[in-house]
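Working notes for the structure below.
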Amino acid sequence: MENKSINRQILVYVTLAVMLLFALFPLYWMVNTSFKSQSEIYNLTPNFWPKGFTWAGYEKLFEKGFLGNVRNSLIVSLIVSLFSIAVSMLAAYALSKLKFRGRKLISRGILYAYLMPRSVLFIPLYMLVSSIGISNSIWGLMLIYPTITIPYATWMLISYFKTIPDEIEEAAMIDGCSRVRTLSSIILPLAAPGLAATFIFAFTLCWSEYLYALVVITKSTDKTITLGLADMIVGDVFAWGPLMGGSIIASIPVIIMYLFTSKYMVSGMTVGGVK
Amino acid sequence: MKIRMDNKLAYLLMSPVLIYLLAVMLLPFGWALYLSFTDKKVGMAANFVGFGNYIELFKDEMFWKAVKNTVIFTVAAVFLKTVFGMIMALVLNEKIIFRNVFRVLLFLPWTIPTIVSVFTWQWIYSDVGGVLNYLLLKINAIGRPLGWLAQPDLAMLSVIVVNVWRGIPFMGIAILAGLQSISKEMYEAAMLDGAGAIKRFFYMTLPSVKEVTVIAAVMTTIWTLNDFEIIWLLTRGGPDNGTQVLSTLSYTIGFLNMNLGKAIAIAIMTMPPLIMLINYVTKRSLPSGD
Amino acid sequence: MNKMWLKKTVAVAVLSALLAGCSNGNAGSDAGASGTSSPSGGKSKLTFWMKKQLFEDQNNLIVERAKQFGEENNVDVAVEIIAYEDFYPKWSAAIESKNVPDVSFFGYQEIGQFKGQGVLEDVRGLLADLESKNGEIQPNLKKAITFSDGQYGIPFWTEAQVLYYRKDLLEAAGFDGPPKTWDEFRTMSKALTDPGKGLYGAGIGYGKGNSDAEFLTRGIIWSYGGSVDTEDGKTVIADSPETVQAASFIRDIFLTDKSTPPSAIGWDDSGNNKAYLSGQAAMIFNVGSVLATIKKDNPELYEKTGIAPYPAGPKGTFIPGISNNLGIFKDSKNKELAERFIEYILEPDWYKTWVEKGAPLTGPIYTDLTNETVWQDERNKAFVESVKGFNFLGYPGEYNPKAGEVFNLRVVNDSFQKLLLETSYTPEAAVKDLQAKVQDIYNK
C-alpha cells in the first residue's frame, strides 16, 4: 500500500512536469524573445536567454498607446461577460429547473445558436452595427460579442445547475421561500463556482477575439489588444520585441482574474457536499 | 416529485437571452441563409440562384479537400484536447504541493490571445532561429531543419499542436470542476472496498464527470471546427492546400474573391453535421430531457 | 428594399431588446449616447483610410497633413491607418453597408477589382489637373489605373522588388557582381548553398498567401516569354513552351539544386526577410522594406548588402510593378472634398518630404522627383530605375480585374507549391493545370 502510493506520487509529478513543460515553454519563449534586440532575434541559432537584454520592445509598445488598447479590451470584456452571465444565469435556471412548454426546443435552439460559424454572421452583423451607428466603436463589439458568450454561458450554466439536487430547492420552497428567493439565496451561492468559471471563460473569449474587432474597429482610440498587437506587424516586417512584450502584458489581467476567482472555484465544494 | 408548470416565470427569466438571440443572431442568420442562395458579390446586387452555390461546391474538388482537412483537424484536435484535459484534471485533483500555483500555470495558454500565441508558435516553428528545430537537431532527433509549415502533413500536425496547446486548459478546468463535485465520502467508501485506482477511474470518476466532459467536448468541437485564426495566420490554408479547412476557404472566397453568397454557403454547410453530432451526443448523455 | 426593411427591423429590435431586457442597462443606453454618426455642428467630415507604412515617420506625417487640411478647410478629417492584410474584410464590410471612407488607399489590383464591381469613381479629371499643376506622373503608373472608360485611381507611390545580395558571400564564392541573368542566378545560388552551415543561395519561397512569390514568379515567367494571363483579355495563353521553361527553371532551383531553405515552400511574406536578416539566404527578392530595416537595426549587414534590379531572362528584364493609389468610392458623401484632399496630399513640396522619408521603400510618382539626390545613392538607385521596366498583372494583355482576381486567389502560388512538393508532377502538367484554373476565372 505504502509503495503503491509512492509510485502514484511519482507518476503524478512526472505527468505534471511534462504538462507544465508543454504549456509553459512557448510562454517562456515569448518572454525570452521580448527582451532580445532585433538583430539577436534574427540569429540563426537561438539564445535561451537574451544576451543583450533590452526594454526597447516594451518602450515601443507604450509609445504606440498599448495601454489604451488594454483599457478598451478590459471594458468590452468585463461588460460583455458580466452581462452575459447575468442573463444566461436566469435562462439557464429556467431551462434546468423549471418545467414549461417549449423547454426542449429552446435549449436546443440555444445550443444551435452556438455552433453558427462566424463567417455566416460576419457581414450581417457588421451591417447591423453600422445601421445603428455604432460601428467603429467598442459599443459595436459589445453588441456583437454576446453572440459568442451568451449561448456558451447558458449551456455551461445549465450543466452546473443540473448538479444541484432538486431536493434542496424543494426544501426551501416548503419553508416558504418564493422561486425568486430560492434562486437568489440558495441556487446562486451553490452555483458560484460554476458562475466564476463561466465568467472567466467568457471573459477570455472576448479578450482574445480578433476577427469581429478587425472589421468593426478602425479608429485607433477604440482598438482592442488583439488589434493593437496585430498593428505591430507592418507588411512583411514583424516587430517581435513589442509583439511578445504586448502579449505578456495582455495576459496579465486574465491571470489576475483567474487567481482571484480560483480560490472561489476551489472553495465551491458545496455542490458535491450535499450529494 | 409533482410536475409543476412554470410557463410564465420561465419565459420571463429567459426573455433577455431570447430577445437578444432572436435579434442579433436569428434575423441576421435568416438574411445570411438567403444570401447563400444568391450570387451575391461584395458591392453588387444579389440574384437568386437557388441551390447554385451548393451544387457548385459539391462539384468542387477543393471543397471536398477542405471537408477532409476539417474533419482531420477537428477530430484529432478534440481527441487530444479531451485526453490531455482529462489527464490535467486528474493530476490537479491529486493532493499535490502548490496545487493552486500549478493550476494557474497550466491555465496560462488559454489566457493568451490566439493571435499572439500563433505568432509565438510561428517563431518556434521557424527554420531560422526557430527553437524547435534547434532542440530536435541537438538531441539528434532530426538530421536537418524541418520546414514545419512547409509540407502539407507536417503543417497539419503543426496547426493541430497549436490548437491543442491552447485548448487543453479549457477541457482540463471543466473536467476538474466536475471531479471536485465527486464527494470524498464516495471515494473513501470505494477505497475501503479495495477498489484499485484504474477501477475507481472507470467505474466512479469517469461516469461522474461524463456529462461535463461531453458538454465541454461539444463546445470544443464547435470552437475547433470554426477555428480560423490559427490556421489562417500560420499557413493561410497551405502548403498545397494541405491545411485548407472550411473556415479558411470560406474566408478566402468571401473576402479575397468577394463572393459572399458562396462563402456563406460553405459556412452554412458546416452546420447540419454539427447539429446531427450534437443531437446524437446529447441524446445519449443528457437523458434528463422532457 | 428588402434589405433596408430587414436592417431597420433588426436595429429596432436590438435596441428595444437591450433597453428592455437587461437589468444593468448600460450597453443599451450608452450605445445610443455614443453613436458616431452625430454630426458635430454641421462641420463636414472626411474619412481617409491609409495603408500603414513601415516607417512611423511617414504615418505621422500623413496624420499631421490631414489635420492641417482639416483646419484650413474647416472639416473633421479622420485618418485611419490600416495594415494591408486587414483592408480586404474592411473594404467588403464598408462597401456592403455603404458606410465607406471618402478617400482610400488601393493597390492597383484592387483598383481593377473594385472598378469591375462599379464602386469606384472615375477621377480622370483630377488626374489631369494634378499633372498640369505639378508636372508629369510616370506614364507606367498611369497605365495600371487606366481603363477603356476612364481612370479610377490616382497614383500615390511606387514600390519595386529588387535583388538583395550579400556582397561578402558572393565575393568569397568567386563572383564579382550580382547575377545579370536568371541562369546566372541559378548557378550562383547553387555555388553559394552550403546546408552544413545553414546557408542557401536562393531565398525564394512559396507560402500560400505569399504575394512576393506571386510577383516574382510572374517576373520570371515573363522574362522567359511566357504569361499567366491573356493577350486579349479573354483567351488565357499560359500553356506555352516558354511558361513551361520558366516553371522547369524554378523547379530546378528547388528540387535539383536544392538551393532554397528547407521551409521556403511554407514562407509567408516575411519568410525571405527573416532568411536574409538571419544570414540564412544569400540572395532574396524584396521591396525596400528589408533595406530600411537593416539600415536601422543591423548596420553590419547593411554594409554587406548589394542591391540590383531583377536578372534578365531570354526575353529581357521584366519587373512586376507595384503601384499604390488613392481612390474615391462612388458612395462617398463628400466627393469634391475628397478630391481636394488628394490634391493636398500630392502637393509636390510636402509630397517630396513624405515620400523620401520612406526611401527606398516608397518611390515618387512624379517623374521630376526621381532625379532627387536621395535616389542617386548606390543602394537606392535600383528602386526608382525599376519603375521604368514595370509590367503589370495581366501581361501581355492590359491589366484587368480578372488578372487581379487571379493574383488575389494566389493561383500561381498554388500551382507552384504543388509542383515543388510532388515530385511526380511535371512542369508541363503544372502549367496545363494553371492554364485551366486561370481560364476558369476569366470565363466566369
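The values are calculated or read from the model by the stated rules, or taken from the named source; none is laboratory data. Values in this document were obtained by computation on a predicted structure and should not be read as measured data. FYI the Cβ positions are ideal-geometry reconstructions off the backbone, even for glycines, and counts take in every protein chain you see.
For this structure, a couple of remarks:
- Qualifying residue in the range C:373-391 (condition: part of a helix (DSSP H, G or I), under 19 Å from the mean Cα position of the chain (by Cα) and closer than 30 Å to residue B:129 by Cβ): yes
- Filtered residues of the range B:117-128 (kept if closer than 18 Å to residue A:38 by Cα, β-branched (Val, Ile, Thr) and part of a helix (DSSP H, G or I)): B:120, B:124
- Only one entry in B:58, B:63, B:98, B:73 is surrounded by 14 or more Cβ atoms within 10 Å (Cβ to Cβ) and over 19 Å from the mean Cα position of the chain (by Cα), namely B:63.
- Any hit, the range C:91-98, residues being free of Cβ contacts under 8 Å to residues at least 40 places away in the same chain, under 17 Å from the mean Cα position of the chain (by Cα) and buried (at least 21 other Cβ atoms within 10 Å of the Cβ): yes
- If only residues of the range C:186-199 that are closer than 14 Å to residue C:256 by Cβ and touching a residue at least 40 places away in the same chain (Cβ under 8 Å) are counted, the one that is surrounded by the fewest Cβ atoms within 10 Å (Cβ to Cβ) is C:190.
- If you go through the range A:77-100 and pick out every residue that is of a type in the set (Ser, Thr, Tyr), within 16 Å of residue A:169 (Cβ to Cβ) and either in contact with a Gly (Cβ under 9 Å, 6 or more places away or on another chain) or within 7 Å of chain B (Cβ to nearest Cβ) (or both), you end up with 1.
- Selected residue (criterion: modelled with the lowest pLDDT) from residues of the range C:252-277 that are under 24 Å from residue C:431 (Cβ atoms) and in contact with a helix residue (DSSP H, G or I) (Cβ under 6 Å, 6 or more places away or on another chain): C:265
- Pairs linking a residue in the range C:56-67 that is within 11 Å of residue C:345 (Cα to Cα) to a residue that is assigned to a helix (DSSP H, G or I), with Cβ atoms under 6 Å and 6 or more positions apart or on different chains, are C:61/C:354.
- Counting residues in the range B:32-41 that are surrounded by fewer than 17 Cβ atoms within 10 Å (Cβ to Cβ), touching a residue at least 12 places away in the same chain (Cβ under 8 Å), within 13 Å of chain C (Cβ to nearest Cβ) and closer than 27 Å to residue B:221 by Cβ gives one or more.
- The listed residue being more than 10 Å from every other protein chain (Cβ to nearest Cβ) and buried (at least 18 other Cβ atoms within 10 Å of the Cβ), out of A:188, A:195, A:205: A:195
- Residue within the range C:252-264 that is buried (at least 24 other Cβ atoms within 10 Å of the Cβ), within 14 Å of residue C:166 (Cα to Cα), within 14 Å of chain B (Cβ to nearest Cβ) and in contact with a Pro (Cβ under 8 Å, 6 or more places away or on another chain) present: no
- Taken over the range A:128-154, the criterion of being of a type outside the set (Val, Ile, Thr), assigned to a helix (DSSP H, G or I) and surrounded by fewer than 22 Cβ atoms within 10 Å (Cβ to Cβ) is satisfied by A:131 alone.
- Selection within the range B:83-95 - of a type in the set (Val, Ile, Thr) and buried (at least 22 other Cβ atoms within 10 Å of the Cβ): B:91
- Residue selected from the range C:125-150 under the condition assigned to a helix (DSSP H, G or I) and of a type in the set (Asp, Glu), by the criterion farthest from residue C:349 (Cα to Cα): C:129
- Residue in the range B:135-144 that is facing another protein chain (nearest Cβ under 7 Å) and assigned to a helix (DSSP H, G or I) present: no
- Number of the condition not met by residue A:122 [criteria: (1) in contact with a helix residue (DSSP H, G or I) (Cβ under 6 Å, 6 or more places away or on another chain); (2) within 10 Å of chain B (Cβ to nearest Cβ); (3) surrounded by 24 or more Cβ atoms within 10 Å (Cβ to Cβ)]: (1)
- The condition of being modelled with pLDDT of 85 or more and assigned to a helix (DSSP H, G or I) holds for only one of B:214, B:164, that being B:164.
- Only residues that are under 28 Å from residue C:196 (Cα atoms) and either under 19 Å from the mean Cα position of the chain (by Cα) or surrounded by fewer than 21 Cβ atoms within 10 Å (Cβ to Cβ) (or both) were counted across the range C:279-290, and they come to 5.
- Condition check for residue C:440: surrounded by fewer than 23 Cβ atoms within 10 Å (Cβ to Cβ) and without any contact (Cβ under 8 Å) to a residue 12 or more places away in the chain: yes
- Residue among B:46, B:66, B:10 that is away from chain A (no Cβ under 11 Å), farther than 30 Å from residue B:156 by Cα and in contact with a Leu (Cβ under 7 Å, 6 or more places away or on another chain): B:46
- Looking across the range A:33-61, the residues that are more than 14 Å from chain C (Cβ to nearest Cβ) and either under 20 Å from residue B:113 (Cβ atoms) or of a type outside the set (D, E, K, R) (or both) come down to A:34, A:35, A:48, A:49, A:50, A:53, A:55, A:58.
- Between C:329, C:383, C:416, C:407, the distinction of being crowded, with 17+ Cβ neighbours inside 10 Å, away from chain B (no Cβ under 14 Å) and on the phi < 0 side of the Ramachandran plot belongs to C:383 only.
- Condition check for residue A:17: within 11 Å of chain B (Cβ to nearest Cβ) and surrounded by fewer than 16 Cβ atoms within 10 Å (Cβ to Cβ): yes
- If you filter the range C:291-300 down to residues that are at the interface with chain A (Cβ under 8 Å from one of its Cβ atoms) and part of a helix (DSSP H, G or I), you find that the one that is surrounded by the fewest Cβ atoms within 10 Å (Cβ to Cβ) is C:297.
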